[in-house]
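The values are calculated or read from the model by the stated rules, or taken from the named source; none is laboratory data. Being a predicted model, the structure only gives us computed values, none of them experimental. Here the Cβ is made from the backbone with ideal geometry for all residues, glycine too, and neighbour counts use every protein chain on show. SASA here: full protein model, heavy atoms, side chains in, ligands and nucleic acids out. Shrake-Rupley method; radii C 1.70, N 1.55, O 1.52, S 1.80 Å.
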Amino acid sequence: MSLIDTLRYICRSRRSTAPRLFKEAFVGVASIYILSHIVGAVDLWLHSRARSISVFQGVPSQSEALYGLAYNETTCGTLEMTGVPCRRLISTRSNATYWADDEPWMYLERLDTISGTNPDVILQYVDNTTILVPGPAQNFKSQGFTINTYGLQVECTNLRDECDKLESPFPVVPGPGSNPVTNCSKAGYPRFPFYTSGELDHAGYDWRDIKCLVLGIIGSEMGGMLNGTADFSTGWMSNPATTIIQLRWDNPSFWWNHGTPGIYYLNALDLYAKCEMRYLDVIIIYDPIQVKWTIAETSLSQPELASIFWTPMIFQLWTEDLRYGLTPYMLSGGDVIDMLATSMSKYGMAYTAPLMKFTAASNVTVPQSIALGLYPVVPTLLLIGCLYIYSLTAFVIFLLSCTSNKRLIFVPREYTRKKERDKEKSALKMARLWLTDPLPLIGSIFPGGVGRHIARSVESNPLRQVYDSKLGLERVAIGLYKKSKGEIIFGAMGRTGTQARRYGRVLSVQDGIELEEAVDPELSGRNLERNLKSDDPSSSLMHPRLEIRPFRRQLGLLDFFLPFAS
């Protein structure tokens, strides 16, 4: 309403020229008013388009979490390179060597691990790596954590095209895989495929006693076909390790599958492959929100530890399981080599599960639901821009008020410190003075005094002209008045009807003020007659002429407004 009333006053034709201070104040306040409402409208638009979502955040937990896995030396033996790896579980009976022959629980545990029913340890295939993770019995689903564990990566290639073949004058089926393989000396394995009796028939039959074997290569030695790690001069190998695989299916139905990567005969189908096995120390992170395992870091395990993990494979404990798992792919002609690598990594880690113990996890957290607000981009950027403009406007106003001077208020030279020239007050100091003492502001608004100008007179034409108010509201007069007993009072007088109230300070002769009544030359005729008919006969309607002498006391803001408080 103040802006509207001010605008109506500015637009009114019957008024004097508005002072510069009045115009600057109106433009500044109007600009800030409009900008603040624009900010409010944009903020309303932003919040009307916003929405909230519920997300989960991990809160650190101090509870003990035994979720990590480490090698347990009490089960298999230490990592000292003496004797053969995992010597505690190797036994000899009837001129044959066995691994964990007296520990049937280990076979049951590895079967449960492969099938995913082991309550303590299960397998996870992440980033082409099979890793051991805690099972459901550990009750870890509601926590996030980081653990150390072990993993196995396997890469395999088909040896069919790298081996020496017998050229048959009458191939069974024209195409790859129809030529019988004699040995793989060209690939660097002269004793492969391994067999002890039988021969290869040119007519298309293979009478060699080729068995399913996963054989290890240590240097130039090949072992695992007879007595496990005892086939080597030393069972300790390097990491990565090299293995070669020979698998045979004695089923004539495989002959009809022309897309197989194996070597087919009239009575059998063989698969020859080479695999590189990397045993890894793995740092893995579990996310309870997405129920997902993520590998954070991997490194090659110690060769001694890899030799222990390698031992069950060299004793051919899961070779038949491997052949059984590849049978559907051999029948359908699928990607047998990739499936071979995946199966070897899973079987290889499943047999290490009985050799593990649990260790403490790190960075254990508990998910906690929190609400987040989602705000659209366009209104957000628009609101930020408006706030920058708003703050820049305030900064410019403050800077100008500090640097610009106003001639409305100045200090005469005799009252300055150096007494050289008049000192002007800056706009900032002037605003501070107006906040502490309203008299300079009143003087700037009414520089001619009450009654000197018809457009600004509060006596000849009341608030309807000065403030654009309606008739019947209080009329305000400011100046010196003489009361009925002759006291002089400086202050504001409000009139309503026939009543008059004065607020201000009574001045005595000691205050150095003399009041001389004089008739304003501009007030004459009907105007003067109207003024003489004031509602308050004790008021001096003459124009007050002031002679200001040096004050011994200053009029403060409290002195001026204290009577209003009563």
*For the stretch 180-226, list the strands (runs of 3 or more DSSP E) that sit wholly inside it and hold at least 3 residues that are in contact with a Phe, Trp or Tyr (Cβ under 8 Å, 6 or more places away or on another chain); which are they?*
213-218, 221-223
*asked:* Being over 34 Å from the mean Cα position of the chain (by Cα), closer than 30 Å to VAL133 by Cβ and without any contact (Cβ under 8 Å) to a residue 12 or more places away in the chain is the requirement here; does GLU24 meet it?
replied: no
*Among ALA230, ALA296, ALA268, ALA306, which is surrounded by fewer than 22 Cβ atoms within 10 Å (Cβ to Cβ) and either at pLDDT 90 or above or of a type in the set (Phe, Trp, Tyr) (or both)?*
ALA296
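Yes or no, residue by residue, for (1) part of a helix (DSSP H, G or I); (2) charged (D, E, K, R); (3) at pLDDT 90 or above:
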position	(1), (2), (3)
PRO367	no, no, no
LEU382	yes, no, yes
SER391	yes, no, no
LEU400	yes, no, no
_Looking at the structure I just gave you, is TRP99 at pLDDT 85 or above, open to solvent by 80 Å² or more (accessible area, probe 1.4 Å) and closer than 18 Å to ASN72 by Cα?_
no
*In the stretch 134-148, what residues are within 19 Å of TYR351 (Cα to Cα) and buried (at least 18 other Cβ atoms within 10 Å of the Cβ)?*
PRO134, GLY135
_With aliphatic (A, V, I, L, M), open to solvent by 60 Å² or more (accessible area, probe 1.4 Å) and over 22 Å from ASP231 (Cβ atoms) as the only criterion, which of LEU123, LEU111 stands out?_
LEU111
*asked:* Just the residues that are buried (at least 17 other Cβ atoms within 10 Å of the Cβ) and of a type in the set (Phe, Trp, Tyr), please, taken from the stretch 38-94.
replied: TYR67, TYR71
*Give the number of residues within the stretch 12-37 that are at pLDDT 85 or above, open to solvent by less than 80 Å² (accessible area, probe 1.4 Å) and out of contact with any helix residue (DSSP H, G or I) (no Cβ under 6 Å at 6 or more places or on another chain).*
1
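Residues are listed down the side, and each one gets a yes or a no for (1) among the β-branched types (Val, Ile, Thr); (2) surrounded by fewer than 13 Cβ atoms within 10 Å (Cβ to Cβ); (3) at pLDDT 85 or above:
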residue: PRO104; (1), (2), (3): no, yes, yes
residue: LEU132; (1), (2), (3): no, no, yes
residue: TYR150; (1), (2), (3): no, no, yes
residue: LEU159; (1), (2), (3): no, no, yes
residue: LYS165; (1), (2), (3): no, no, no
*Among the residues of the stretch 82-97, which ones are charged (D, E, K, R) and either under 16 Å from ALA306 (Cα atoms) or in contact (Cβ under 8 Å) with a residue 24 or more places away in the chain (or both)?*
ARG87
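For (1) within 18 Å of ILE131 (Cα to Cα); (2) among the β-branched types (Val, Ile, Thr); (3) surrounded by 13 or more Cβ atoms within 10 Å (Cβ to Cβ), each residue gets a yes or a no:
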{"position": "TYR324", "(1), (2), (3)": "no, no, no"}
{"position": "MET330", "(1), (2), (3)": "no, no, yes"}
{"position": "TYR351", "(1), (2), (3)": "yes, no, yes"}
{"position": "ALA361", "(1), (2), (3)": "yes, no, yes"}
{"position": "PRO367", "(1), (2), (3)": "no, no, yes"}
{"position": "VAL377", "(1), (2), (3)": "no, yes, no"}
{"position": "GLY385", "(1), (2), (3)": "no, no, no"}
